[in-house]
Every structure is written in structure tokens, then in C-alpha cells.
Amino acid sequence: MRPHHDMSQPADGRQSERARDISRGAQRTLALLGFRAIPELSLADGRRADLVAVNDAGEIWIVEIKSSLEDYRSDSKWPDYRAWCDRLLFAVAPDFPLHVLPEDTGLILADRYGGEIVRTAPPEHRLAGARRKAIMLRFARVAAGRLMTLADPESAYEPIPRA
């Protein structure tokens, strides 16, 4: 019998339980649409995206998780994510005050069990080929590194340095 491994993303102290629940539900929603997502992906500019998702067509979506109105109001970095994705979305809990979120982003309502896209992100702005390749390589290497660590928790795998 194979040993069971907890495949959930370990809490790192930055996210609240509510943010982790929203992230989980958003990831389930994206999966139903054919995307695979990884949380907390560092980008080449040093920013860390809450969720980066990729589908079979190579589309790259970034989902910014907001657990409260205060979390949203204290964050001014989210517009910078547009340069790193084809579409930008917010994921929030159903009780979040939706009227404060920008209309030119997609919107996922989510809890720990799932979610729903209630506003589609506007028509995508395609990434340039070189940037798309860089993000895809980073996505693949970080995901593979996380799987390697799950398979061998006592390993000395080093985190991948920022590009």
C-alpha cells in the first residue's frame, strides 16, 4: 500500500484560514474549467501571485485572493499582475462587498468547497511569446519542485531563485 501524502499547500503564515479556503474553492472552480493552478508563484518582477493557472491552450490566468475588504484596500500591487497573465481575476468569499472590486477583472465567488465565476475576465490581452515561455517554465519548475518535496520531505531541494 502506498503511503498517503497530504497534497495541500502548507500554511506559511502569510494567508489566513479564510484566504486558504477561498484559494481552495477557486482552484476547484478553475479545475472544472480545465485549468491547473499553483498557489504563491513568484514572478520575475519579485511579486508573488496568489494563484497562477494554466489550461491546455496555454492560457495563463492570475487569481488574486482577497479575504476581506481591509485586505483589498491595503493592496495596491494587483494591477501589476496584468503584465504576467492573459486574464486577471479576483476570488472572494460570497459575503465580500463586490461593488468595490474593479469591473475590468474577472470575479470568482468561492469558499472551501468550490466556487463560481460570476464575472468573466474581459477579453484577454495575449502575453508576448518570450514572457509566456518564461512564466510557463517557472510554473513547471516550481510545480515539479513542490511534487519532489512531497515525495521526499527530508530532501534538501532548494527553492528556485527568482528570475
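The values are calculated or read from the model by the stated rules, or taken from the named source; none is laboratory data. Since this is a predicted model, take the numbers as computed values, not measurements. Reconstructed Cβ throughout: ideal geometry from the backbone, glycine too, with neighbour counts over all protein chains shown.
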Count of residues meeting criterion [at pLDDT below 95 and under 13 Å from the mean Cα position of the chain (by Cα)] in the range 59-80: 1
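Can you pull out the residues in the range 46-65 that are in a strand (DSSP E or B) and either within 14 Å of Q27 (Cα to Cα) or not basic (K, R) (or both)? Steps first, please.
Of all residues in the range 46-65, those in a strand (DSSP E or B) come to 48-54, 60-65.
Residues satisfying the conditions are A49, D50, L51, V52, A53, V54, I60, W61, I62, V63, E64, I65.
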Candidate set from the range 11-46 (those that are modelled with pLDDT under 95 and hydroxyl-bearing (S, T, Y)); member that is surrounded by the fewest Cβ atoms within 10 Å (Cβ to Cβ): S16
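May I ask you to verify whether D95 is at pLDDT 95 or above, of a type outside the set (A, V, I, L, M), at negative phi and in a loop (DSSP other than H, G, I, E, B)? Spell out the reasoning first.
On the way: at pLDDT 95 or above: yes; of a type outside the set (A, V, I, L, M): yes; at negative phi: yes; in a loop (DSSP other than H, G, I, E, B): yes.
Yes, satisfied.
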Leading residue by the ranking (surrounded by the fewest Cβ atoms within 10 Å (Cβ to Cβ)) among those in the range 98-133 that are in contact with a Gly (Cβ under 6 Å, 6 or more places away or on another chain) and modelled with pLDDT under 95: T120
Residue under evaluation A144, criteria (1) in a loop (DSSP other than H, G, I, E, B); (2) modelled with pLDDT under 95; (3) of a type outside the set (D, E, K, R); (4) surrounded by fewer than 17 Cβ atoms within 10 Å (Cβ to Cβ), criterion not met: (1)
Residues that are buried (at least 16 other Cβ atoms within 10 Å of the Cβ) and either of a type in the set (F, W, Y) or in contact (Cβ under 8 Å) with a residue 60 or more places away in the chain (or both), drawn from the range 48-87: V52, V54, E59, I60, W61, Y72, W78, Y81, W84
Condition met for A143 (in contact (Cβ under 8 Å) with a residue 40 or more places away in the chain and more than 18 Å from the chain's Cα centre (by Cα)): no
Matching residues in the range 113-142 - criterion: being touching a Ser or Thr at 6+ places or on another chain (Cβ under 9 Å) and more than 21 Å from A44 (Cβ to Cβ): G114, G115, E116, I117, R119, A121, P122
Checking L69 against (1) hydrophobic (A, V, I, L, M, F, W, C); (2) under 22 Å from Q27 (Cβ atoms); (3) touching a helix residue (DSSP H, G or I) at 6+ places or on another chain (Cβ under 8 Å), the condition it does not meet: (2)
